[in-house]
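J.: Below you will find the structure I want to go over with you.
The values are calculated or read from the model by the stated rules, or taken from the named source; none is laboratory data. These figures come from a predicted structure and were not determined experimentally. Note that we place each Cβ from the backbone using ideal geometry, even for glycine, and neighbour counts take in every protein chain shown. Surface areas here come from the heavy atoms of the whole protein model, side chains and all, with no ligands, DNA or RNA. Shrake-Rupley method; radii C 1.70, N 1.55, O 1.52, S 1.80 Å.
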Amino acid sequence: MPEKLLEVSNLRTYFFTEAGVVKALDGMSLEVNKGQAVGLVGESGSGKSVTAQSVLRIVPRPGRIVHGSIKFEGEDLLSKSDDDMRKLRGPKMAIVFQDPTTSLNPVFTVEKQLTDILMLHRDLTKEAASKRALSLLEHVGIQEPEKRLKAYPHELSGGMKQRIAIARALSCEPVLLFADEPTTNLDVTIQAQVLELLKQLQKELNMTMVMITHDMGIIADMTERVTVLYAGKVMEVADTPTLFHSPKHPYTEALLKAVPSVKQTRALEVIPGNIPNLIEPPSGCVFNPRCKYAKDICTKQEPPLEKVEEGHYVACHFWRELTLEGRAG
Amino acid sequence: MSESRPKRGASQWAVAWRRFRRNKSGLLGGAIVIFFVFVALVGPFVVAYPARSYLSLYEGDAGTPPSFKHPFGVEDSGIDVFSETVNAAHNDLYVGLAATLITTLIGVLVGACAGYFKGVVSDVLLGVIQMFFVIPVLLLILLFARVFSVLVFKGLGLTLIVLILAFFGWSGIAFIVRGETFRLKEMEFVQAARSLGAGSYRLLFRHIVPNILSPVIVIATLNIAGFILTEVVVSFLGFGDPNTSTWGLLLNEGFGYVRTSWWVSLFPGLAVVFCVLGFNLMGDGLSDALNPRLRE
């Protein structure tokens, strides 16, 4: 019986800016079982990163969680004090950020990046922490780690920095890891290596991982289950193979069509338009302005999340009527 | 994955030192500072006459111009100007360095808190910083020196000046630190540290402050010069401690006799000029060395 590790229900995270209230997450739900690799996919601005920030409760001002519930290991996270949350951040949950150039402290050596967190959460002496830092570096595949300990981030390549960021996130052995677009800023060749590393680490440590990305290719490669997010709302949730073979939401179909493949001969289909203004989102279905199947009802009524079959949910008025194109293989 | 192994240090200090080494005026300033520090430390033990000593009067040399025995001449009162200048170096540098140390600590502390915390705390601290910023420190020192003249005559004159400078002189650093903290607290490495469990004080003092030391060091260096000058002015105006050797005091004593006993004013004056020049040049050099916007 799979154990639910993380249960996010109807989460609303709003940013109260001078320009208006930005509804970054507007009724978002997510369920992750222990040991699963789950994907959270959507364009930039869909609320993917804000989800991770909300779970860890580090949403930057002027953002605030205004509604919903977040349960982790059965416990309600929203009722916890900041002191209690700080005990969870690191030992229980962690985030790997997108850009290792900015997510590593520029005046800390590689060693200090790791020992700083280790000594915060674990009762270790400096020597013990250094030893552990060394073994962490080996673990993430860094060659000659002893030589790297005293290096500064600006001396290292992007791939190396990201490995260190991963080592840092994993240093206190969290059970839940959010990987927020970990390879977007890296060269393509390095991307593959880092993803391979994450896959391997996830298996080794039996870690639960939420892979946040806009790249359907990464979803296909890394995840067993995926949630499609758009403008802070869930469009579709399914097991990864199901989502790829038989998507039920127009946005998912469009995302799949936008991924180039070596074999294809037709032109790349882009999704017209831009993500909506989150201060004043479109009425009805939030995707309707860009949806090629949109009808009148789509502008008036927000579609509820409906069950297609066990484990597959979609928020679209016409999922029964539409025959959407998935991807084979 | 092959990387060129760095043979030289890559910390912000190592990088800055290499840049500083190439700056001729900065090095000159540094040399001058080192010279004065050496004189301040060693000088008092080496010179012929102890502080404020009228011995030369009894030797019959009072009021004599520079000579082999008295390189900077002798005051009418019998004080040997050379020994006095060297002794004063000790006290003036003490004032400059001590006041700078204290004001830097207070400034960093207040500025960091003002820049990091939001709401009432930040607003109140900003108000406090601004209030102290506009206060004319020099006038206050003169005032306090009169009011607390009892202390002055008990020999605590220097300490009094240091305390007043420290109490009122930290707002410049606080302003800069506040601005830098503001900028840095939104950076991703701070978010990353927070995501791994760091609390406010850890984020502020272990993560943010080490990243804002560069401008602080530059301002502190320039402050040393500024505080020394302030002391000189205070003592020159007669508000200082008449029992403690300072360059300002010498200038005060020599003021009435500039035409005749010019050596009493010239040499301490030159000492002040070079000392302040040294710190300013070094400060400028440090600014260039630590400023990340300049390209190698």
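J.: Would you mind stating whether A:Ala151 is surrounded by fewer than 24 Cβ atoms within 10 Å (Cβ to Cβ), without any contact (Cβ under 8 Å) to a residue 12 or more places away in the chain and within 14 Å of another protein chain (Cβ to nearest Cβ)?
T.: Here the answer is no, as A:Ala151 does not meet what is asked.
J.: Of the conditions (1) under 23 Å from B:Arg202 (Cβ atoms); (2) in a helix (DSSP H, G or I); (3) open to solvent by 30 Å² or more (accessible area, probe 1.4 Å); (4) more than 8 Å from every other protein chain (Cβ to nearest Cβ), A:Leu136 clears all except one; give me its number.
T.: If we test A:Leu136 against (1) under 23 Å from B:Arg202 (Cβ atoms); (2) in a helix (DSSP H, G or I); (3) open to solvent by 30 Å² or more (accessible area, probe 1.4 Å); (4) more than 8 Å from every other protein chain (Cβ to nearest Cβ), just (3) comes out false.
J.: Tally the residues that are within 14 Å of chain B (Cβ to nearest Cβ), part of a strand (DSSP E or B) and either open to solvent by 40 Å² or more (accessible area, probe 1.4 Å) or more than 22 Å from A:Lys23 (Cα to Cα) (or both), restricting the search to the range A:55-82.
T.: Within the range A:55-82, residues that are within 14 Å of chain B (Cβ to nearest Cβ), part of a strand (DSSP E or B) and either open to solvent by 40 Å² or more (accessible area, probe 1.4 Å) or more than 22 Å from A:Lys23 (Cα to Cα) (or both) number 1.
J.: If you go through the range B:194-203, how many residues are at the interface with chain A (Cβ under 7 Å from one of its Cβ atoms), within 16 Å of A:Leu104 (Cβ to Cβ) and either open to solvent by less than 30 Å² (accessible area, probe 1.4 Å) or in contact with a Pro (Cβ under 7 Å, 6 or more places away or on another chain) (or both)?
T.: Of the residues in that region, 3 qualify.
J.: Moving to a separate point now. Return a yes/no flag: does the range B:176-186 have any residue that is away from chain A (no Cβ under 14 Å) and charged (D, E, K, R).
T.: yes
J.: Does the range A:85-103 hold any residues that are out of contact with any strand residue (DSSP E or B) (no Cβ under 7 Å at 6 or more places or on another chain) and either of a type outside the set (A, V, I, L, M, F, W, C) or modelled with pLDDT of 95 or more (or both), and which are they?
T.: Selection gives A:Arg86, A:Lys87, A:Arg89, A:Gly90, A:Pro91, A:Asp99, A:Pro100, A:Thr101, A:Thr102, A:Ser103.
J.: Name the residue that is farthest from B:Leu281 (Cα to Cα), counting only residues in the range B:207-218 that are more than 7 Å from chain A (Cβ to nearest Cβ) and in a helix (DSSP H, G or I).
T.: B:Ile208
J.: Of the residues B:Thr244, B:Thr221, B:Thr260, B:Thr230, only one is among the polar types (S, T, N, Q) and open to solvent by 40 Å² or more (accessible area, probe 1.4 Å); which?
T.: Going through B:Thr244, B:Thr221, B:Thr260, B:Thr230 in turn, the sole match is B:Thr260.
J.: Which condition breaks for A:Ile218 when tested against (1) under 15 Å from the mean Cα position of the chain (by Cα); (2) buried (at least 24 other Cβ atoms within 10 Å of the Cβ); (3) more than 14 Å from A:Ile166 (Cβ to Cβ); (4) among the hydrophobic types (A, V, I, L, M, F, W, C)?
T.: (2)
J.: Please verify whether the range B:65-83 includes one or more residues that are of a type in the set (Ser, Thr, Tyr), surrounded by 21 or more Cβ atoms within 10 Å (Cβ to Cβ) and farther than 27 Å from B:Trp170 by Cα.
T.: yes
J.: Still on this structure, please answer the following. Name every residue in the range A:1-25 that is among the hydroxyl-bearing types (Ser, Thr, Tyr) and open to solvent by 30 Å² or more (accessible area, probe 1.4 Å), in order of residue number. Even if it seems obvious, please write down each step before you answer.
T.: As a first pass, look at the range A:1-25 and keep what is among the hydroxyl-bearing types (Ser, Thr, Tyr): A:9, A:13-14, A:17.
Result: A:Ser9, A:Tyr14, A:Thr17.
J.: Another question, then. What's the number of the only condition in (1) touching a strand residue (DSSP E or B) at 6+ places or on another chain (Cβ under 6 Å); (2) surrounded by fewer than 22 Cβ atoms within 10 Å (Cβ to Cβ); (3) touching a residue at least 24 places away in the same chain (Cβ under 8 Å) that A:Met28 fails to meet?
T.: Just one mismatch for A:Met28, condition (2).
J.: Follow-up. Just to be sure before I move on: is B:Leu105 surrounded by fewer than 20 Cβ atoms within 10 Å (Cβ to Cβ), modelled with pLDDT of 90 or more and either among the hydrophobic types (A, V, I, L, M, F, W, C) or on the phi > 0 side of the Ramachandran plot (or both) in the structure I sent?
T.: Against the criterion (surrounded by fewer than 20 Cβ atoms within 10 Å (Cβ to Cβ), modelled with pLDDT of 90 or more and either among the hydrophobic types (A, V, I, L, M, F, W, C) or on the phi > 0 side of the Ramachandran plot (or both)), B:Leu105 qualifies.
J.: For the range B:155-201, name all the residues that are assigned to a helix (DSSP H, G or I) and over 30 Å from B:Thr230 (Cβ atoms).
T.: Pass one, the range B:155-201, residues assigned to a helix (DSSP H, G or I): B:155-168, B:171-184, B:188-195, B:200-201.
B:Arg183, B:Leu184, B:Glu188, B:Phe189, B:Val190, B:Gln191, B:Ala192, B:Ala193, B:Arg194, B:Ser195, B:Ser200, B:Tyr201, listed by residue number.
J.: So for the range A:36-46 (the condition being small (Gly, Ala, Ser), open to solvent by 60 Å² or more (accessible area, probe 1.4 Å) and more than 13 Å from chain B (Cβ to nearest Cβ)), does at least one residue qualify?
T.: So the first thing to find is which residues in the range A:36-46 are small (Gly, Ala, Ser), and the list is A:37, A:39, A:42, A:44-46.
Subset that is open to solvent by 60 Å² or more (accessible area, probe 1.4 Å): A:44.
Remaining after also requiring more than 13 Å from chain B (Cβ to nearest Cβ): A:44.
There is at least one residue in the range A:36-46 that is small (Gly, Ala, Ser), open to solvent by 60 Å² or more (accessible area, probe 1.4 Å) and more than 13 Å from chain B (Cβ to nearest Cβ).
J.: Return the total of residues in the range A:92-102 being closer than 25 Å to A:Leu6 by Cα and either without any contact (Cβ under 8 Å) to a residue 12 or more places away in the chain or buried (at least 24 other Cβ atoms within 10 Å of the Cβ) (or both). Full working, then the answer.
T.: Keep residues of the range A:92-102 that are closer than 25 Å to A:Leu6 by Cα, which gives A:92-98.
Those still in the list that are either without any contact (Cβ under 8 Å) to a residue 12 or more places away in the chain or buried (at least 24 other Cβ atoms within 10 Å of the Cβ) (or both) too: A:93-97.
Total satisfying the criteria: 5.
J.: If we keep just the residues of the range A:287-329 that are basic (Lys, Arg) and not in a loop (DSSP other than H, G, I, E, B), which is nearest to A:Thr242 (Cα to Cα)?
T.: Only one residue tops the list, namely A:Lys307.
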